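The values are calculated or read from the model by the stated rules, or taken from the named source; none is laboratory data. This structure is a prediction, so every number in the text was calculated from the model and none was measured. When we count neighbours, we look across all protein chains shown, and the Cβ atoms used for this are built from the backbone with ideal geometry, even at glycine. All accessible areas refer to the heavy atoms of the entire protein, side chains included, with ligands and DNA or RNA removed. Shrake-Rupley method; radii C 1.70, N 1.55, O 1.52, S 1.80 Å.
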Amino acid sequence: MRIGVPAGRPMGHPANAIGKLPGRQLSLLLVALLLSVLAGYYGYQRYLASTQSVPVIQTMPARMGSIVTTVTATGNTVDSRQAKLSFVSSGKLVELDVKVGDSVKAGQTLAKVDPRSYQIKVEAAQAALDSAKLQLQQLKNGATPQDRAAALAAYNAAVAKLNDTAAGATPASMAAAQAAVDQAKATLNAAQVKLDQLKSNTYTSADWAAAQAAVDSDTAALKDAQSKLSTLMAGPKAADIAQAQANVDQAKAAMATAEDKWQMAQNGNLAGSGASSNSAAAQAYDSAKGNYESAVQNLQQLMAGPQSSDVVSAQVAVDQAKDNLNAAQAKLDLMKQGPAPADLAAAQSAVEQAQANLNSAQANLTQLKAGPTASDLEAAKSGVASAHADLVTKTGPPTETAAGLAQESIDQAQASLDQAKLDLSNTTLTAPFDGVVAAVGPNVGEQVGSAAAVTLVDPKSVRIDATVDESDVANIAVGQPATITFDALPNYQANGKVIAISPAGTSTQGVVSYLVSVAVINPDRTLPDGMSATVSIETSRKDNVLLVPNRAIH
């Protein structure tokens, strides 16, 4: 239906055309226009509906592959192979060849302690072994003639002693025993008399006279010593100096006369001059000269006054005389006062000792009179048997027992030597395997013992200790493979294997977990102890199965 024409046509303006239509036609035209709009809208809606109802289909090819179930847990690296090495032989550390971080090989020397004392023990053990071997060889060689003679003499002496014991005491032994009893009685009587005198405070006139004489003698000695000291301290007297000077003058004149005679004898002017006369004149001159020099020295000493050493000696003599007088006076005073308790105790002890000696002497005499006892005979027989056994050993070949004992001594000495050598070797600490030094304890010069000196770890033997929830641990078994990643190594991944599962769980805030150890298989780099890691443990696996996406499964 045409509803309008372009402007400039003969029909004129549309509005003018419509306005000229009758009312019925105008209504029909409006209805037709409305129906046309509705039809277009309906057609458009159908078109849109037809385009939206067509589904978009995505396709993906099915494939054959593996289905893997895993359990993921976190943990830390642990050195599975480490050794805290300590010295078996204690001592002073003299050498430390490694530091923390050093790589070492198995058998490499790590440290040493002073081996000198252990070397001495080795030498002593070697000497003991050599001695034991010599003793065995000596036993095999047999006794020397001197040893056999000594063994025979000891056997004969033992037999003689047995015979004497069986025969009883001889008259000489009886007389000696009786004399011992008599002497003991006399000693006891003397001790008892002295004790009685002390208790009764009775001294003989001789005792009193001796005590008083000692006091008088020591008093006179003190006075004499004091007089000599006083004289010495007072210096020389004028008469003594004059006499000494006179002696010098006289000796000088005698020397001059002797010198003249000697000169005359040398010149031949002395009657009877000859070799003997010259010698006699020379000797007379030498003697006169010596007397003169002595007189001069005596005069000089007298003029110089007393020497300090003389004064000291004189004072010592005075002090000694005082001590002697005090001791003598004290003894006399004790006699007047009575015996001291110490003297009574000593006298009583002497009496008791004398009584004990008398009892012993009487018991010996009684035993001799009664004859030998059974124990005496057995002891004598035992001595004979021992001497006979020694004689047989010295005169015959070695017994199997003696040889065995000698060999046992050798074995023990060899064991001691082996132990000493082992102790010496233990003064050197060596690496038991290839690894890295993780810790060093002591310093050179310190004493070391059982405490760890060096800690060694193997960086190639590492495991991960991870905690697994109780809901997952039942699916984990030893030997299952695992993949390991590390927080500190984002681009590194390692393969592992479950090596242990703890049978005991740990409860933390009501959540139970178990420790699972996963070994790192052949790591190609160093993994420090304590590094954080995530393990993905493969708990189950199905290979060669058809794989399709989960969203395609209804």
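So how tilted is helix 205-234 from the main axis of the chain? Cα-based, degrees 0 to 90, rounded to 10. So the helix axis and the longest Cα principal axis differ by about 80 degrees. Taking 0.36 nm per residue of separation and subtracting the Cα-Cα distance, full extension of the segment from Ala242 to Ser360 would add 34.8 nm.
Separation of region 65-120 and region 200-267 by C-alpha centroid, Å? Between the Cα centres of region 65-120 and region 200-267 lies a distance of 95 Å. Note on Rg/Rh (Cα atoms, Kirkwood Rh): of the candidates [x] 1.33; [y] 1.01; [z] 1.51, the value calculated from this structure sits at [z]. For the chain, adding -39500 (n - 2.57) for each run of n ≥ 4 DSSP H residues and dividing by the number of residues yields -20000 deg cm²/dmol at 222 nm. Summing Cβ point charges (Lys, Arg +1; Asp, Glu -1) relative to the Cα centre of region 105-169 gives a dipole of roughly 380 debye.
Taking all protein chains together and a probe of 1.4 Å, list Leu28, Leu358 from the most accessible to the least accessible.
Ranked from most to least accessible, the order is Leu28, Leu358.
Subtracting the Cα-Cα distance of Met264 and Ala209 from their residue separation scaled by 0.36 nm leaves 12.9 nm. The aspartates and glutamates within cross-link reach of Lys121, meaning a Cα-to-Cα straight distance under 15 Å and a gap of 8 or more places when in the same chain, are Asp130, Asp418, Asp423.
Considering only alpha-carbon pairs that sit under 8 angstrom and 6 or more positions apart, the relative contact order computed for region 395-456 is 25 percent.
If you take the square roots of the eigenvalues of the alpha-carbon gyration tensor of region 305-397 and sort them as a ≥ b ≥ c, do you get rounded (a/c under 1.5), prolate (a/b over b/c) or oblate? Oblate, because a/c is 1.5 or more while a/b does not exceed b/c. Where does helix 308-337 land angle-wise versus the long Cα axis of the chain, in degrees 0 to 90, nearest 10? Tilt relative to the chain: about 80 degrees. Computed extension length for Gln119-Ser80: 10.3 nm, one decimal, from 0.36 nm per residue of separation with the Cα-Cα distance subtracted.
My understanding is that a pair violates if its Cα-Cα distance is over 24 Å; which of Lys92/Lys133; Lys84/Lys105; Lys460/Lys497; Lys105/Lys497; Lys161/Lys394 do that in this structure? Violating the 24 Å Cα-Cα cut-off are Lys92/Lys133; Lys105/Lys497. With a Förster radius of 51 Å applied to the beta-carbon distance between Gln297 and Ala327, the computed FRET efficiency rounds to 0.80.
In percent, how large is the relative contact order of the chain, given Cα pairs closer than 8 Å and 6 or more residues apart? Value for the chain: 36 percent.
Each label point was placed 7 Å from the Cα along the Cα-to-Cβ direction; for Asp418 and Ala176 their separation is 5.6 nm. Of all lysines in the structure, the ones whose alpha carbon falls short of 17 Å from that of Lys261, not counting any fewer than 8 places away in one chain, are Lys252, Lys289.
Of the solvent-accessible surface of the chain, computed with a 1.4 Å probe over protein heavy atoms with every protein chain present, carbon and sulfur atoms account for 55 percent.
By how many degrees, 0 to 90 and rounded to 10, does the Cα axis of helix 400-425 deviate from the longest principal axis of the chain? Result, in degrees: 60.
Remark: the chain carries 65 Å² of accessible area per residue (probe radius 1.4 Å; ligands, DNA and RNA excluded). Measuring r between the beta carbons of Lys497 and Lys133 and using R0 = 60 Å, the FRET efficiency lands at 0.55.
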